[in-house]
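What follows is a set of notes on a single structure, which appears directly below.
The values are calculated or read from the model by the stated rules, or taken from the named source; none is laboratory data. Note that the coordinates shown come from a computational prediction; the quantities given were computed from them, not determined experimentally. Neighbour counts are summed over all protein chains in view; Cβ atoms, including those assigned to glycine, are modelled from backbone coordinates with ideal geometry. Quick note on the areas: whole protein, heavy atoms, side chains included, nothing else; ligands and nucleic acids left out. Shrake-Rupley method; radii C 1.70, N 1.55, O 1.52, S 1.80 Å.
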Amino acid sequence: MDKATGKPKGTAFIEFRGPAGAAAAAEACARARTGKGPDVTVKGVKLGVDLALTQDDARRLGQEQGGVPGAGQHAGQSNKGGKFDRRNLYLAKEGFIEEGSAQWEAMSENDRRKRKRAAEEKNQKLKSPNFAVSTLRLAIRNIPASWDEAKLKAAFIAGVKARATKEQPVVKQAKILRDPERPDAAGHAGGKSRGFGFVEFADASHALAALRQLNNNPTAFGSRDRRPIVEFAVDNIKVLKARDDKLAKQKARQQQKAQQQQQQQ
């Protein structure tokens, strides 16, 4: 159940008496997805049925498929020497809300339009091999106009801690896009907020936790009609490489300068 709305989220677990029954239900749904059998329905509602995984199995599967990295791993790395998911496409569906679901029906029409538009933009970008899904950077829509970067950062740190109370998440950057041609009521030099921004974490698991806690949360931004729309950012690989190269050169120059100063002392 959704704690905020009191309505079902549209997901549930069913435990069969034996594994054969569960496997048969999942197999029937798999056939329906490929058009090889009838849909699995309850009172006319189409269901998606899959075998549930334990937390350990889900974590292991995610790591094997290039999911959220385990200890000492980078995003996209496989534990068993499998193929890398260098574009992190497994994260593209995080934050997606299916049309017709309980969550979809509970959101405003304006939010539905924004989500459809965001999905179209993301899908269009990902058709090109030059774009990849970030494992650390989140894209956020519907940011309140009065918020600044400090408040956005605090909200996302709190989102992680709501799911993992013992964690100490680190936000590397929080940025709100602004219109320099339109003055901000609070006097922000960059202009009026566009309601869109980014939050970049130092740890991939913290980014995922924040997304799952805050996405479509009716209380996070203080408005049920303008809920957070959170997804992993889609970045241009070439632009990121150029940025990383520039930062590496700057760091190298700084180190060289520091060495020269030490030698002169």
- Task: Answer yes or no: is there a residue in segment 58-77 that is open to solvent by 40 Å² or more (accessible area, probe 1.4 Å) and at pLDDT 85 or above.
- Result: no
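Would you be able to tell me the number of residues in segment 202-220 that are in contact with a strand residue (DSSP E or B) (Cβ under 8 Å, 6 or more places away or on another chain) and of a type in the set (Gly, Ala, Ser)? Talk me through it step by step, then tell me what you get.
From segment 202-220, those in contact with a strand residue (DSSP E or B) (Cβ under 8 Å, 6 or more places away or on another chain) are 202-204, 207, 210-211, 214-216; that's our starting set.
Now drop any that are not of a type in the set (Gly, Ala, Ser), which leaves 202, 204, 207, 210.
Residues meeting the conditions: 4.
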- Message: For segment 95-140, give me each residue that is open to solvent by 40 Å² or more (accessible area, probe 1.4 Å) and either in contact with a helix residue (DSSP H, G or I) (Cβ under 9 Å, 6 or more places away or on another chain) or β-branched (Val, Ile, Thr) (or both).
- Response: 96, 98, 99, 112, 129, 130, 131, 136, 137
- Item | Residue check for residue 176: within 20 Å of residue 195 (Cα to Cα), touching a Ser or Thr at 6+ places or on another chain (Cβ under 6 Å) and β-branched (Val, Ile, Thr) | yes
- In segment 8-38, residues that are without any contact (Cβ under 8 Å) to a residue 12 or more places away in the chain and closer than 16 Å to residue 101 by Cβ total 2
- Note on the structure: residue 161 passes all but one of the listed conditions (1) within 27 Å of residue 132 (Cα to Cα); (2) surrounded by fewer than 18 Cβ atoms within 10 Å (Cβ to Cβ); the exception is number (1)
- Subset tally (residues that are more than 16 Å from residue 106 (Cβ to Cβ) and either basic (Lys, Arg) or open to solvent by less than 40 Å² (accessible area, probe 1.4 Å) (or both)) for segment 215-257: 14
